[in-house]
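Readers should treat all values here as calculations from the given coordinates under stated rules, not as data from a laboratory. These numbers come from a predicted model, not from an experiment. Virtual Cβ from ideal backbone geometry, glycine too; neighbours counted across all protein chains shown.
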Amino acid sequence: MTTMTKPKEKSKKVPLRGMMENVMEQFNSAADHIDLHPNIRKILSITNNEIIVHFPVKMDSGDVEIFTGYRVQHNNALGPYKGGLRYHPTVDIDAARALAMWMTWKTSLAGLPYGGGKGGIQLDPSKYSQSELERITRRFTFALADNIGPEHDIPAPDVNTNSQTMAWIADTYMSTRPPAERTANQHVVTGKPDGSGGLEGRDRATGYGVFLNIKFWAARTNVELKGKKFIVQGFGNVGYWASHFLEKEGAKLVAVQDAFGSIENQKGITVEDLFEYTKSNKGSIVDFPDAENADKDAFFATDCDICIPAALGNQITKENAPTIKATLIAEGANGPTNVEGEQLLLKRGVTIIPDILCNSGGVVGSYFEWLQNRNGELWQLDEVIAKLDKKMKESFDKVYEYSEREGMDLRTSAFCIAIKRIEKAYIQRGIFP
Ligand code: NAD
């Protein structure tokens, strides 16, 4: 989905600082609700391991550049660390810690045998050629060495990384193993291309999961999706696929924002036309002929029913929350709504389907890919979709029903369920020694 060479971003640097504060407030609020054991609260409040690597890469010019890469492993009480790798200028230790923590709650909520991890490289990929990005990725994998592994820590795609990035990581990792172990290590990453151990349908799993969550919510609240207007921030892997499925259901895409600008057409933007246009416009939506370029700062105030933030964290804040027209926010991105923004929205009766539930189709798809590789199987697309439907429905129902029973918002409900599962594992096992 993501093209690795993109026009220079016109947008301001997005303030990801404070993401850790956000996730800790969400965690503590749920921990208070379930009266989490104080010792387990202490354990879950901190990350297990934080790996920072500095590594040299030869550029096309022959010069050497030094890069900084991160991998934060938050918790593995339920299984190997699992989470994406992001290539973006805003990647730093705070963002990696927060995103790793969200992964722990997400995998737990989905009932997967995984913990949470996240990482990436602080860079702007639009400044590098494809062969430079390949060398950067391979050298990063080499620098991470045994800190990742198919039974230890399993990365996946995230912002500005894709199936090609995963293929380079898998190939590099396998090349560093003893000959007899090489092919058995293919599941060191998920989100690979389908010719290289990837899962049919993994590309759409996250966006499809976002769509399913909206559909389940609509069914519970007797809302007809046909004719509903929606806006999407981020038209990459998650934003595109979520739009694709919502449009098929009869909803109308009326505005899109990406790193380069915003467009709006209240009569509707055809998702496939926009997708084709971005391919010929270096990944950007700007100047799409069937819409007007719009004010980037007024994007969230666009007239619509459903808002899908599917780009970066900290996008919905106390500044723009009061202007939001949507009555449903379906979080495709991780951490798009900060705590202050969320409080204002909840007071106004806006429903938020939280990231750890809403975008969990991606990690569920990754789990299927990991199982497929581990068992030497090849799954068909219809089988993948049927399994994904079932898993997403189970998670949505659990969160929705718990929230109704306990009289709480969907995020707190999702966090309570996720944290309880980890608490149970610690109570059963105890703390070594
Ligand atoms: P992507 O790289 O495919 O797309 C990112 C999109 O966001 C692009 O359209 C980009 O132009 C846009 N964007 C970047 N900066 C922006 C800004 N400042 N303002 C507006 N738009 C901006 O990435 P993706 O894989 O679609 O991931 C998007 C979000 O979804 C991230 O928060 C990621 O953590 C989350 N997520 C992704 C997956 C997955 O499977 N890919 C799974 C779960 C969650």
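Taking a ≥ b ≥ c as the square roots of the eigenvalues of the alpha-carbon gyration tensor, segment 30-145 is classed prolate because a/c is 1.5 or more and a/b outweighs b/c. Estimated at 0.36 nm per residue, the fully extended path between K226 and M174 surpasses their Cα-Cα distance by 14.0 nm.
The gain in end-to-end length when the Q130 to W379 segment is fully stretched comes to 86.6 nm, 0.36 nm per residue minus the alpha carbon separation.
The value given for the chain is a Kirkwood hydrodynamic radius of 21.7 Å, derived from the mean inverse Cα-Cα separation.
Computed log10 I(q)/I(0) for segment 290-433 at 0.10, 0.13, 0.14, 0.20 Å⁻¹: -0.47, -0.74, -0.82, -1.21, from the Debye equation with unit scatterers placed on every C-alpha and solvent omitted.
A Förster radius of 41 Å combined with the Cβ-Cβ distance from E394 to E292 puts the calculated FRET efficiency at roughly 0.45. Hydrodynamic estimate: the Kirkwood radius of segment 221-322 over Cα pairs, inserted into Stokes-Einstein at 25 °C and 0.890 mPa s, corresponds to D of 180 µm²/s.
Need one number: % antiparallel among DSSP beta bridges in the chain, to the nearest 5. The answer is about 50 percent antiparallel. With each label modelled as a point 7 angstrom along the Cα→C-beta vector, the A145-Q266 pair spans 6.1 nm. Applied to segment 84-94, the Karplus parametrisation 6.51 cos²θ - 1.76 cosθ + 1.60 on θ = phi - 60° returns per-residue 3J(HN,Hα) values of x, 10, 10, 10, 6, x, 8, 5, 8, 5, 5 Hz, with x for Gly and Pro. Net length available on complete extension from K325 to R41 is 98.6 nm, with 0.36 nm assigned per residue and the Cα-Cα distance removed. Where the centroid of each part is defined by its Cα atoms, how far is segment 216-258 from segment 288-315 in Å? After rounding, the separation between the Cα centres reads 12 Å. For D194 and I93, a Förster radius of 30 Å and the Cβ-Cβ distance give a FRET efficiency of 0.30, rounded to the nearest 0.05. The modelled label-to-label distance for the pair A386/E65, using points 7 Å beyond Cα in the direction of Cβ, is 4.8 nm. Within segment 47-188, antiparallel bridges make up roughly 70 percent of the DSSP beta bridges whose residues both belong there. Once the Cβ-Cβ distance of R429 and E401 is raised to the sixth power relative to R0 = 35 Å, the FRET efficiency obtained is 0.80. Ranked by the mean number of other Cβ atoms within 10 Å of their residues, highest first, the peptides 112-125, 337-350, 176-189 come out as 112-125, 337-350, 176-189. A viscosity of 1.306 mPa s and a temperature of 10 °C, combined with the Kirkwood radius over Cα pairs in Stokes-Einstein, give a translational diffusion coefficient for segment 291-342 of 141 µm²/s.
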